[in-house]
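Remarks on the structure that follows.
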Amino acid sequence: MTDLSVPPPPIPGHGLLTGKVAVVTAAAGTGIGSATARRLLDEGADVVVSDWHERRLKQTEDELAAAFPQRRVSAVSCDVTSSEQVDDLVRTAAERLGRVDIMVNNAGLGGQTPVVDMTDEQWDRVLDITLNGTFRCTRAALRYFRAAGHGGVIVNNASVLGWRAQHGQAHYAAAKAGVMALTRCSAVEAAALGVRINAVAPSIARHPFLDKVTSAELLDRLAADEAFGRAAEPWEVAATIAVLASDYTSYMTGEVVSVSSQRA
């Protein structure tokens with residue numbers, strides 16, 4: 001009998017995105033963004049990775065280029081709180097790789113603060129990166145797709161906390177609920193442009209950076225609550241993003257897919 005509490009190894013690529021060009025935000029480091037960039041490359045796409053941390057971004061670019069020498073990998077520094085930088089990200093990606101077909105909006109910021117103790121600055125920063133940043137990237141991608149006239153796909157990274165309540169997560173949950181609403185409304189508008197917009201809503205994907213910013217006790221408890229008794233591996237969320245970015249989901253738009261081993 002298979003032990004579902006033991007994470008499986010990543011599955012090989014199946015060429016789902018051959019010939020496509022993708023942009024992935026917050027792709028440096030060890031989380032869902034870098035796992036998504038790797039998965040898209042493994043599925044045949046050329047990829048532009050973006051992040052605000054230039055050293056980690058360069059390291060990620062070098063690692064991906066070495067792992068996928070047959071693919072094109074480029075890095076563009078971008079702070080998603082800046083409309084100018086976001087617009088430049090999409091423009092530069094298209095200039096370097098010839099076009100953009102897929103935009104993965106992964107940038108987000110969490111925290112652990114009760115509402116009664118939360119400052120305006122804490123609230124504003126989480127909302128600005130997580131929700132406003134997704135809006136800025138969606139807007140920039142849609143403007144590019146409209147001008148290019150070849151359609152495209154946007155995949156947003158939401159969270160099950162857009163549906164659920166969790167102590168100390170009001171700002172993050174509100175932002176992710178906003179990402180869900182933005183996904184649905186922008187998808188209705190984007191259909192006329194031949195653009196599909198969907199989102200994933202992970203429950204918990206554990207990686208070294210998350211362990212640095214969240215207590216091990218909380219992460220262990222959240223993982224134990226999952227049906228498999230473990231957190232998702234980042235590649236498992238990335239695989240769902242890849243499917244949503246592919247033609248296998250050509251009739252899906254405005255949907256939020258829970259990547260969870262329990263009911264959302």
Cβ-derived FRET efficiency at R0 41 Å, residue 96 paired with residue 165, nearest 0.05: 0.45
Where 154, 32 fall by accessible area, highest first, once all protein chains stay in place (1.4 Å): 32, 154
Segment 1-24 and segment 65-101: distance between their alpha carbon centers, rounded to Å: 22 Å
Solvent accessible area, Å² - residue 16, 1.4 Å probe, full protein context: 50 Å²
For the chain: accessible area per residue (Å², 1.4 Å): 47 Å²
The chain, relative contact order [Cα under 8 Å, separation at least 6], %: 21 percent
Whole-percent carbon and sulfur share, accessible surface of segment 105-198, 1.4 Å: 56 percent
Estimated FRET transfer efficiency (residue 59, residue 88; beta-carbon r; R0 22 Å; 0.05): 0.50
Accessible carbon and sulfur surface of segment 1-66 relative to its total accessible area, %, 1.4 Å: 58 percent
Under 11 Å, Cβ to Cβ, from residue 201 - net charge with Lys/Arg +1 and Asp/Glu -1: +1
Three-way shape label, segment 1-123, alpha-carbon gyration tensor, a/c 1.5: oblate
Estimated 222 nm signal from helices in the chain, with DSSP H stretches of n ≥ 4 weighted -39500 (n - 2.57), rounded to 500: -13500 deg cm²/dmol
Heavy-atom accessible area order for 104, 116, 259, largest first, 1.4 Å probe: 116, 259, 104
Accessible-area order (highest first, 1.4 angstrom probe) of the listed residues 244, 193: 193, 244
GNM flexibility winner over the chain from 62, 128, 51 (Cα, springs under 10 Å): 62
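The values are calculated or read from the model by the stated rules, or taken from the named source; none is laboratory data. Treat the numbers as computed from the prediction; the structure is a model and nothing was measured. Every residue, glycine among them, receives a Cβ derived from its backbone with ideal geometry; neighbour counts consider all protein chains shown. For the accessible areas, the whole protein counts, side chains as well, though only heavy atoms, and no ligand, DNA or RNA atoms are used. Shrake-Rupley method; radii C 1.70, N 1.55, O 1.52, S 1.80 Å.
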